[in-house]
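Written below as structure tokens is the structure these notes are about.
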Amino acid sequence: QVHVVESGGGLVQAEGSLTLSCLASGTIFSINTMGWYRQTPGKQRELVATMTNGGRTNYADSVKGRFTISRDNAKKTVYLQMNSLKPEDTAVYYCNLKFLNNDFWGQGTQVTVSS
């Protein structure tokens, strides 16, 4: 069975930095995409950044130049380095793993940016 677990959320001041980590476990197809999404109350979950096992990345326009996604395939781990954080980055951040027709989500980690 596949599981993904996030860590690293918390409270940070505006312009600060935070790093999220996500560890996947279980039997995972080697060709996959791992990434981060976020959600605030009353809004749909939105893409933040994704990265394929081959290293191709995709970022939301709102985070380009501030956030960096990376991964360690051997450790089945994906990271999100968040710099120059803004109050509007406040959300629950979810890790996502996709392969074949499977879609796995973590439980989410809260990121709060104070002004």
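The values are calculated or read from the model by the stated rules, or taken from the named source; none is laboratory data. Quick caveat: nothing in here was measured; it's all calculated off a predicted structure. A quick note on method: Cβ atoms are made from the backbone with ideal geometry, for glycine too, and the neighbour counts reach across all protein chains shown. Keep in mind that these areas ignore ligands, DNA and RNA; they rest on the heavy atoms of the full protein, side chains included. Shrake-Rupley method; radii C 1.70, N 1.55, O 1.52, S 1.80 Å.
Residues that are within 21 Å of THR40 (Cβ to Cβ) and of a type in the set (Asp, Glu) within region 69-102 comprise GLU88, ASP89, listed in sequence order. Candidates GLY42, GLY108, GLY55: the one that is within 16 Å of the chain's Cα centre (by Cα), of a type in the set (Gly, Ala, Ser) and surrounded by fewer than 13 Cβ atoms within 10 Å (Cβ to Cβ) is GLY55. Across region 61-84, the qualifying residues are those that are modelled with pLDDT of 95 or more and aliphatic (A, V, I, L, M), and the one among them that is farthest from the chain's Cα centre (by Cα) is VAL63.
Scanning region 79-103 for residues that are hydrophobic (A, V, I, L, M, F, W, C) and open to solvent by 50 Å² or more (accessible area, probe 1.4 Å) turns up just one, LEU100. Residues of region 1-29 being in contact (Cβ under 8 Å) with a residue 40 or more places away in the chain, open to solvent by 80 Å² or more (accessible area, probe 1.4 Å) and assigned to a loop (DSSP other than H, G, I, E, B), which ones? Correct list: GLU15, PHE29. Look at region 87-115: where a residue is within 21 Å of SER7 (Cβ to Cβ) and in contact (Cβ under 8 Å) with a residue 24 or more places away in the chain and a partner is open to solvent by 60 Å² or more (accessible area, probe 1.4 Å) and in a loop (DSSP other than H, G, I, E, B), sitting 6+ places away or on another chain with Cβ atoms under 7 Å, you get TYR94/ARG45; VAL113/LYS86.
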